[in-house]
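Each remark here refers to the structure printed beneath this line.
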Amino acid sequence: MKFGYVLCDPKRSKILVLKKNGDIEFLKTNNKENINKSFCLRDISTMKQLYKSLKEKKLVGQMHIVDIQELYGKN
């Protein structure tokens with residue numbers, strides 16, 4: 001189980017995953033395995049900077065920064 005913050009779509013149905021080759025993928029939050037694959041940071045300020053950078057590069061659309069524990073509790 002991870003602790004920290006992740007990027008989710010506004011409906012919290014998809015979570016951002018960074019692959020080893022640097023690509024971005026979105027997985028559904030309907031199971032714990034997908035949540036465990038998510039890119040998670042403990043510091044919310046760092047997550048905000050990452051989101052800003054990804055958005056400027058037009059790699060992501062509207063996302064929310066969410067405490068990953070909320071997603072674990074949802075399943």
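Key figures
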quantity: Candidate aspartates and glutamates - alpha carbon under 18 Å from LYS57, same-chain residues fewer than 8 apart omitted; calculated: ASP9, ASP23, GLU25
quantity: Those aspartates and glutamates that a straight Cα-Cα span of less than 15 Å connects to LYS32, excepting residues fewer than 8 apart in one chain; calculated: ASP67, GLU70
quantity: Anchor LYS55: lysines whose Cα lies under 25 Å away (excluding residues fewer than 8 positions away in-chain); calculated: LYS2, LYS11, LYS14, LYS19, LYS20, LYS28, LYS37
quantity: Accessible surface, per residue, of the chain when the full set of protein chains is kept, probe 1.4 Å, Å²; calculated: 66
quantity: 0 to 90° range, to nearest 10: angle between helix 44-56 axis and the chain longest Cα axis; calculated: 50
quantity: Cα convex hull volume per residue for the chain (Å³); calculated: 79
quantity: Length-normalised contact order of the chain in % [C-alpha pairs under 8 Å, at least 6 apart]; calculated: 43
quantity: Rounded percent of accessible protein surface that carbon and sulfur make up, the chain, 1.4 Å probe; calculated: 50
quantity: 5 angstrom amide H check on LYS14, placed H, neighbours 5+ away; calculated: ASP9, THR29
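The values are calculated or read from the model by the stated rules, or taken from the named source; none is laboratory data. Quantities reported herein were computed from a predicted structural model and do not represent experimental measurements. Just the protein is used for accessible areas: all its heavy atoms, side chains included, with ligands, DNA and RNA removed. Shrake-Rupley method; radii C 1.70, N 1.55, O 1.52, S 1.80 Å.
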